[in-house]
Amino acid sequence: RRERRGVADQGISLERLTDAAIEPRHWELFFGFYTSTSDRKWGYPYLTRDFFDRLGGALAGRVVLVMAKKNGRYIGAALNLVGGDAIYGRNWGCRGEHKFLHFEACYYQAIEHAIANGLARVEAGAQGEHKIRRGYLPAATWSAHWIADPPFRRAVADFLARETPLMVHEAEELGEHGPFRAGAIGASHSGGPD
C-alpha cells in the first residue's frame with residue numbers, strides 16, 4: 001500500500017514489543033507521546049504515568065506496544081491489548097507530523113500481529129470514519145449498566161429508544177462504503193477485516 005511505503009520512505013521503522021521486551025523506558029516514552037498528542041488535539045490525558053507502569057506490570061503478557069523509530073530515536077507508539085481472540089487498539093501518540101504513521105502504527109501493525117498470532121479479529125476502537133476504507137466496518141457494541149435513579153433511568157431509556165434506530169441506520173450507510181466487493185469475504189462482516 002502507498003501508506004506503508006510512505007512510512008518506510010520517511011525512514012521510519014516499527015517494532016512490536018510484548019512481555020519482557022517492554023521496559024520501563026518504553027512506558028516513559030509512550031507516556032510522552034500520549035500526552036503530546038493529547039495536548040496537540042486539545043484533549044485531556046486522562047491516564048497517568050503510573051497507570052502505564054501498573055498496566056505493564058499487571059497485563060504484560062497482554063500488551064502489544066508498537067514503537068516507531070526514525071534516525072535511531074523513538075518518535076511514536078501505539079498501545080494495544082490482547083484478550084481472547086482479539087487485539088484491541090487503545091491509545092496512540094507521537095511527536096511531530098509523520099505522514100501515514102498513525103495508520104501504520106495503529107492499524108496495519110495490529111493486523112499483522114493478529115495474523116501472526118492466530119487472532120480472529122482486530123478491534124480498532126471507537127470513532128473514525130477514516131477507518132472504514134481500511135476495512136474496519138461499523139459494529140454494534142453492548143454495555144450493561146444499572147441506573148439507580150428511576151427518573152434518570154427512564155430518561156436514558158427514552159434517549160436510547162430514539163437513538164438506536166438512528167445508529168443502526170448510520171452503521172448500515174457507513175458499511176456500504178467499505179473496501180470489500182459485494183459477496184467477498186468480509187463484505188458483510190461488521191468489525192474489521194477477516
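The values are calculated or read from the model by the stated rules, or taken from the named source; none is laboratory data. Here the structure is a predicted model, which is why all the values come from computation and not from measurement. For neighbour counting, all protein chains shown are included, and Cβ atoms are generated from backbone atoms with ideal geometry for every residue, glycine included. Ligands, DNA and RNA are stripped out before the accessible areas are found, and what is left, the full protein with its side chains, is counted by its heavy atoms. Shrake-Rupley method; radii C 1.70, N 1.55, O 1.52, S 1.80 Å.
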*Does Gly83 satisfy the condition of being closer than 30 Å to Phe52 by Cα, at pLDDT below 95 and open to solvent by less than 60 Å² (accessible area, probe 1.4 Å)?*
yes
_Condition first: open to solvent by 70 Å² or more (accessible area, probe 1.4 Å) and part of a strand (DSSP E or B). Now tell me which residues in segment 15-64 satisfy that._
Arg16
_Let me confirm something: among Ala144, Ala182, Ala124, Ala140, which residue is surrounded by 13 or more Cβ atoms within 10 Å (Cβ to Cβ) and at pLDDT below 85?_
Ala124
